[in-house]
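The values are calculated or read from the model by the stated rules, or taken from the named source; none is laboratory data. As the structure is a prediction and not an experimental result, all values here were calculated from the model. As a convention, Cβ positions derive from the backbone with ideal geometry for all residues, glycine included, and neighbour counts pool all protein chains shown.
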Amino acid sequence: MSGTLATQPPAVPEERGDERVLVVDDLVVEFPAKGGGTVHAVSGISFELRDGETLGILGESGCGKSSAGRALMQLPPPTSGSVLLNDVELVGHTGRTLRRKRAKMQMIFQDPVSSLNPRRKVKDLVAEGPRIWGRKVTEDQIRELLLAVGLDPESVWDRRPHELSGGQCQRLCIARALMLDPQVLICDEPVSSLDVSVQAQILNLLEDTKQRYRLSMIFIAHDLAVVKNISDRIMVMYLGRICEVIPADRLAEHALHPYTKLLLESVPEAQLPDAELEVEEVGVTNAELPSPLDPPSGCRFRTRCPLATEICATEAPPLRESVSGHLVACHHAEV
Amino acid sequence: MTSNATRESTRPAERPRSGTLLAVEDLRTVIHTARGDLKAVDGVSFTLDRGETIGIVGESGSGKSVLGRTIMGLHTTGPTTTISGRVMFDGRDVQSLGPKDLRSLWGSQIGMVFQDPMTALNPVKKIGVHLTETLRKHQGLGRTPARERAVELLDLVGIPDPRRRIDQFPHEMSGGMRQRVVIAMALANEPALLIADEPTTALDVTVQRQILDLLGNLQAEMGMAIILISHNLGVVAGRADRVAVMYAGRVAETADAKTLFADPRHPYSEALLRAIPRLHEPPHVRLAAIDGAPPNMVQPPVGCRFAPRCAYAQEDCRTVLPELEPAATGHLFACHHPVNRGEN
């Protein structure tokens with residue numbers, strides 16, 4: 001299945017500068033809640049994505065990682081903040097203008113089957129994007145892309161999504177995204193509904209695709225090992241805020257934020273006998289995630305944090321730099 | 001937590017704490033579908049001692065959940081299903097029991113925890129009703145004692161403020177809390193066997209760990225045996241005494257947990273372990289994916305089920321179905337050409 005890709009190792013990309021393809025500033029996403037109140041899904045996060053980089057966004061359910069990813073695509077538009085794609089502002093535009101400005105950014109989702117129209121055939125699904133733009137797509141282009149994502153054009157050509165496996169559907173979603181020649185690919189939990197053997201196929205495919213099509217990627221997931229495997233930098237989120245931005249190779253040993261440490265300590269893979277991980281116990285007692293309707297004042301993790309003191313309740317900790325590229329938002333972390 | 005004195009009063013008669021509890025012999029579950037007979041479980045045998053934990057791992061479609069449900073007696077031979085082989089639970093053949101006997105077995109002798117705690121609870125009934133129902137039915141408790149015991153149980157599974165929580169509805173609780181309620185229900189009558197089918201798959205990692213710790217603590221206290229079914233090798237690795245790896249309805253390999261993860265002999269177990277991304281490896285390490293997909297179980301391949309995807313497959317693998325054979329004490333694998341031969 002993935003044979004076509006495995007036989008052609010992607011060329012090592014030439015040096016790419018520190019150019020920033022995506023700059024996000026003070027992004028806020030809020031939703032009105034049933035019965036009054038506001039869900040604070042994302043509360044003012046800023047980050048950037050450099051050319052050719054993969055930025056992982058890691059967090060548990062309710063941390064705002066998916067809301068953040070969708071707000072980048074303006075699905076729906078954020079409550080406030082700025083999203084610059086190649087120095088072009090996306091926030092505030094709608095309809096055709098937005099589609100044109102956003103064209104270089106594409107997204108794939110967690111459930112690949114439900115993100116495909118069940119009544120359309122593979123050949124049409126792949127060509128759907130450019131056709132919306134009124135562009136002609138040749139059969140050869142479709143074939144080439146199907147091959148690029150490890151699908152055999154002859155056997156899937158006339159099939160519909162329900163006739164494909166979950167892994168094949170995710171390959172198809174990737175092909176659809178690539179058809180529009182994107183520069184940035186946002187992946188929202190792309191492998192969490194797949195079996196481990198298929199998960200490895202898709203992760204390898206994303207890595208190859210990124211090299212071959214010179215993509216920058218935002219990879220949103222809850223699985224630490226998966227995020228570490230694919231990312232250059234990892235942004236850890238908790239209740240709508242950034243806890244820590246950490247280079248992927250530092251994640252296992254040099255995490256500073258108590259929440260990141262709690263995640264590391266909880267990973268079941270640490271139980272595998274060859275996992276040479278020594279994770280310090282964090283000692284988090286309070287199990288429940290506070291409500292995003294009424295998040296704690298100051299540091300949002302303080303209600304579960306063993307290090308919390310008075311200052312944590314009054315002041316939201318700013319992101320401080322520890323070593324180059326490693327930022328942590330904690331009053332008590334030793335940077 | 002609750003004091004021992006109150007717990008003793010409702011504890012069923014003391015059971016022996018060692019010896020074989022469950023013996024599964026050549027179990028086959030065939031589900032009749034429009035496309036043909038699906039061989040979901042195709043010849044599985046194992047035994048489980050009292051107080052022991054066996055982990056059953058496999059990918060979707062490997063038959064691990066159907067196996068759990070067949071052991072429980074939720075699948076019985078009928079118009080849609082044919083079951084052969086035997087499930088001996090505590091000296092009784094589960095398949096020979098009638099509906100009434102099965103109902104008395106469920107809850108009191110075998111408890112089950114499913115993946116999705118929301119669908120396991122009745123959305124229009126309060127938490128307390130879920131718990132008192134089983135207590136009144138199986139232990140014959142009156143209304144008030146049953147409610148008291150229900151509060152104790154909620155406390156036991158680590159639900160804060162149980163007296164308030166008992167009058168809440170399932171939707172008022174988080175996923176982790178709901179799964180604790182489901183565990184409390186399964187354990188209300190202190191069953192000898194708990195079947196946990198993907199108990200933490202719907203939960204976040206930090207909550208997952210709490211739930212697994214809770215199961216471990218309750219097991220130590222009550223001495224029940226656990227069948228822990230999961231697709232996640234990490235979940236099983238830390239919690240099970242023994243592990244069985246299932247592929248296409250059959251057990252590919254079984255051994256004690258340490259041996260299986262450190263020295264897998266079946267190519268599928270090895271491949272599965274290598275396909276998982278590891279935290280201690282550097283970023284961008286290429287994962288060893290397993291090409292292809294699991295077989296169609298209506299017409300499984302002749303010979304070894306894994307042969308079409310196996311890097312070591314030879315001619316005999318495609319013609320002769322390998323049986324489980326012992327490598328060392330308690331370590332069995334079904335493979336003609338096992339891996340890691342030199343290292344043992």
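Numerical summary
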read-out	value
Residue match in segment B:316-332 (condition: touching a Pro at 6+ places or on another chain (Cβ under 6 Å), in a loop (DSSP other than H, G, I, E, B) and either at pLDDT 95 or above or more than 24 Å from B:Thr82 (Cα to Cα) (or both))	no
Matching residues in segment A:144-174 - criterion: being buried (at least 19 other Cβ atoms within 10 Å of the Cβ), of a type in the set (A, V, I, L, M) and in a helix (DSSP H, G or I)	A:Leu145, A:Leu146, A:Ala148, A:Val156, A:Leu172, A:Ile174
Which numbered condition B:Thr259 fails, given (1) under 18 Å from the mean Cα position of the chain (by Cα); (2) over 27 Å from B:Pro301 (Cβ atoms)	(1)
Number of the exception - B:Val298 against (1) assigned to a loop (DSSP other than H, G, I, E, B); (2) modelled with pLDDT under 90; (3) touching an Asp or Glu at 6+ places or on another chain (Cβ under 9 Å); (4) among the hydrophobic types (A, V, I, L, M, F, W, C)	(2)
Residue match in segment B:249-267 (condition: within 13 Å of chain A (Cβ to nearest Cβ) and closer than 30 Å to A:Thr209 by Cα)	yes
Selection from segment A:239-267 of residues that are within 12 Å of chain B (Cβ to nearest Cβ) and basic (Lys, Arg)	A:Arg250, A:Lys261
Per-region count, segment B:119-144, residues of a type outside the set (A, V, I, L, M, F, W, C) and in contact (Cβ under 8 Å) with a residue 24 or more places away in the chain	10
Residues (of a type in the set (Ser, Thr, Tyr) and over 30 Å from A:Ser61 (Cβ atoms)) located in segment A:152-201	A:Ser155
Any chance A:Leu55 is out of contact with any helix residue (DSSP H, G or I) (no Cβ under 9 Å at 6 or more places or on another chain), surrounded by 15 or more Cβ atoms within 10 Å (Cβ to Cβ), within 27 Å of A:Leu146 (Cα to Cα) and of a type in the set (A, V, I, L, M, F, W, C)	yes
Selection status of A:Ser193, facing chain B (nearest Cβ under 10 Å), of a type in the set (Gly, Ala, Ser) and closer than 25 Å to A:Cys330 by Cα	no
Boolean, B:Ala186 is touching a Lys or Arg at 6+ places or on another chain (Cβ under 6 Å) and either in contact (Cβ under 8 Å) with a residue 24 or more places away in the chain or more than 14 Å from every other protein chain (Cβ to nearest Cβ) (or both)	no
Every pair of residues 6+ apart whose Cβ atoms lie under 7 Å, when the first sits in segment B:224-240 and is closer than 27 Å to B:Gly19 by Cβ and within 8 Å of chain A (Cβ to nearest Cβ) while the second is assigned to a helix (DSSP H, G or I) and not charged (D, E, K, R)	B:Ala237/A:Gln271; B:Ala237/B:Ala257; B:Ala237/B:Phe261; B:Gly238/A:Pro268; B:Gly238/A:Gln271; B:Arg239/B:Leu212; B:Arg239/B:Gly216
Of residues in segment A:299-320 being more than 13 Å from A:Ile242 (Cα to Cα) and within 27 Å of the chain's Cα centre (by Cα), the one surrounded by the most Cβ atoms within 10 Å (Cβ to Cβ)	A:Cys305
Among residues of segment B:204-263, those that are surrounded by 21 or more Cβ atoms within 10 Å (Cβ to Cβ), modelled with pLDDT under 90 and either touching a Phe, Trp or Tyr at 6+ places or on another chain (Cβ under 7 Å) or not in a helix (DSSP H, G or I) (or both), counted	2
Residues located in segment B:268-283, provided they are facing chain A (nearest Cβ under 7 Å) and either on the phi > 0 side of the Ramachandran plot or not in a helix (DSSP H, G or I) (or both)	B:Ile276, B:Pro277, B:Arg278, B:Leu279, B:His280, B:Pro282, B:Pro283
Residue within segment B:51-73 that is over 30 Å from B:Ile276 (Cβ atoms) and out of contact with any Gly (no Cβ under 8 Å at 6 or more places or on another chain) present	yes
Lone qualifier among B:Pro300, B:Pro295, B:Pro308 - being surrounded by 13 or more Cβ atoms within 10 Å (Cβ to Cβ) and over 30 Å from A:Glu207 (Cβ atoms)	B:Pro300
Residue within segment B:219-227 that is touching a Leu at 6+ places or on another chain (Cβ under 9 Å) and under 30 Å from B:Gln299 (Cα atoms) present	yes
Residue within segment B:202-220 that is touching a Ser or Thr at 6+ places or on another chain (Cβ under 7 Å), within 12 Å of chain A (Cβ to nearest Cβ) and among the basic types (Lys, Arg) present	yes
From A:Gln110, A:Gln141, A:Gln106, residue being surrounded by 17 or more Cβ atoms within 10 Å (Cβ to Cβ) and out of contact with any Ser or Thr (no Cβ under 8 Å at 6 or more places or on another chain)	A:Gln106
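Matching residues to (1) modelled with pLDDT of 95 or more; (2) assigned to a helix (DSSP H, G or I); (3) not assigned by TED's automatic domain parsing to the domain that holds B:Arg103:
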site: B:Val41; (1), (2), (3): yes, no, no
site: B:Ser60; (1), (2), (3): no, no, no
site: B:Leu67; (1), (2), (3): yes, yes, no
site: B:Gly78; (1), (2), (3): no, no, no
